[in-house]
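Okay, structure first, notes after.
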Amino acid sequence: MASSLLPPPASPQATPSAFPWRPWQFVTEKVVSAITGRSCKSLQHDRHLNIGIPFKRLNTTSVRYLVADVLAWIERQPSGGEGATTSSSTKTKRGPGRPKKAVV
């Protein structure tokens, strides 16, 4: 299904990059879904919460994403591998919490 979202192939001399979109182009949420691997529903949910990838609303129903914003969002995401912090080192010490219920 994602292959139907790709633009038609160009000659190798015309495009030096394998990525078919230019940074200044606007794309639909289906294309962003294919690029990022996230579902359209999760993109819609992020828009509702005003988080995630920046977007432009053209009218009441049309939403477009700037390719440069999508690529920048991908670069900001944490990745595994060398230099990644473990979750235990980023957690802060919590307080004692709620007292235990007395046994009667």
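The values are calculated or read from the model by the stated rules, or taken from the named source; none is laboratory data. Only a predicted model underlies this, so the values are computations on that prediction, with no experimental measurement involved. A quick note on method: Cβ atoms are made from the backbone with ideal geometry, for glycine too, and the neighbour counts reach across all protein chains shown.
A few remarks follow.
- Selection from the range 25-60 of residues that are part of a strand (DSSP E or B) and either of a type in the set (S, T, N, Q) or without any contact (Cβ under 8 Å) to a residue 24 or more places away in the chain (or both): 57
- Test: residue in the range 81-95 that is within 16 Å of residue 29 (Cβ to Cβ) and modelled with pLDDT under 90: no
- Test for residue 8: is it touching a strand residue (DSSP E or B) at 6+ places or on another chain (Cβ under 8 Å) and modelled with pLDDT under 85: no
- Residues located in the range 11-24, provided they are over 12 Å from residue 71 (Cα atoms) and either modelled with pLDDT of 55 or more or in contact with an Asp or Glu (Cβ under 8 Å, 6 or more places away or on another chain) (or both): 17, 18, 20
- Tally of residues being of a type in the set (Asp, Glu) and either surrounded by fewer than 10 Cβ atoms within 10 Å (Cβ to Cβ) or more than 16 Å from residue 76 (Cβ to Cβ) (or both) across the range 23-65: 1
- Looking only at the range 36-59, and only at residues there that are of a type in the set (A, V, I, L, M, F, W, C) and touching a strand residue (DSSP E or B) at 6+ places or on another chain (Cβ under 8 Å), the one that is modelled with the lowest pLDDT: 58
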